[in-house]
1. Name, by its number, the condition in (1) of a type outside the set (A, V, I, L, M); (2) open to solvent by less than 70 Å² (accessible area, probe 1.4 Å); (3) at negative phi; (4) in contact with a strand residue (DSSP E or B) (Cβ under 7 Å, 6 or more places away or on another chain) that does not hold for Gly43.
2. Which ones in the range 60-75 are in contact with a Gly (Cβ under 7 Å, 6 or more places away or on another chain) and open to solvent by less than 100 Å² (accessible area, probe 1.4 Å)?
3. Determine whether the range 24-37 contains at least one residue that is at pLDDT below 95 and within 13 Å of Ile12 (Cα to Cα).
4. Before we move on, is Thr19 out of contact with any strand residue (DSSP E or B) (no Cβ under 8 Å at 6 or more places or on another chain), loosely packed, with under 13 Cβ neighbours inside 10 Å and either free of Cβ contacts under 8 Å to residues at least 12 places away in the same chain or aliphatic (A, V, I, L, M) (or both)?
Amino acid sequence: MADEIIKNIKSIKGFGIFTDYAHYAGLPDFARYNLIYGWNGTGKTTLTRLLRCFEKEEMYADFATGTFSLERPGA
């Protein structure tokens with residue numbers, strides 16, 4: 001699909017609740033529409049902050065030492 005921007009999140013380290021996340025083979029890639037849900041404190045807001053970092057090309061101040069890696073289609 002030509003309008004895909006992010007295929008998946010490969011890794012997140014030191015970013016809020018995500019101390020050492022790594023994408024695993026059984027997890028499906030993002031699609032055109034994605035629903036992310038869960039209990040309070042499970043990382044939903046942290047994911048939106050991470051995606052905002054990608055959009056603005058700057059780190060979120062509260063997680064300035066965190067790192068993440070995204071995979072784009074065709075990469």
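The values are calculated or read from the model by the stated rules, or taken from the named source; none is laboratory data. Because the structure is a prediction, the values reported are computed rather than measured. A quick note on method: Cβ atoms are made from the backbone with ideal geometry, for glycine too, and the neighbour counts reach across all protein chains shown. When the accessible area is computed, the model is the full protein with side chains, heavy atoms only, and any ligands, DNA or RNA have been set aside. Shrake-Rupley method; radii C 1.70, N 1.55, O 1.52, S 1.80 Å.
1. So Gly43 meets the others, but not (3).
2. Step one: list which residues in the range 60-75 are in contact with a Gly (Cβ under 7 Å, 6 or more places away or on another chain), which gives 63, 65-67.
The answer is Phe63, Gly66, Thr67.
3. Yes, the range 24-37 contains at least one residue that is at pLDDT below 95 and within 13 Å of Ile12 (Cα to Cα).
4. Working: out of contact with any strand residue (DSSP E or B) (no Cβ under 8 Å at 6 or more places or on another chain): no; loosely packed, with under 13 Cβ neighbours inside 10 Å: yes; either free of Cβ contacts under 8 Å to residues at least 12 places away in the same chain or aliphatic (A, V, I, L, M) (or both): yes.
Judged against the criteria, Thr19 is not a match.
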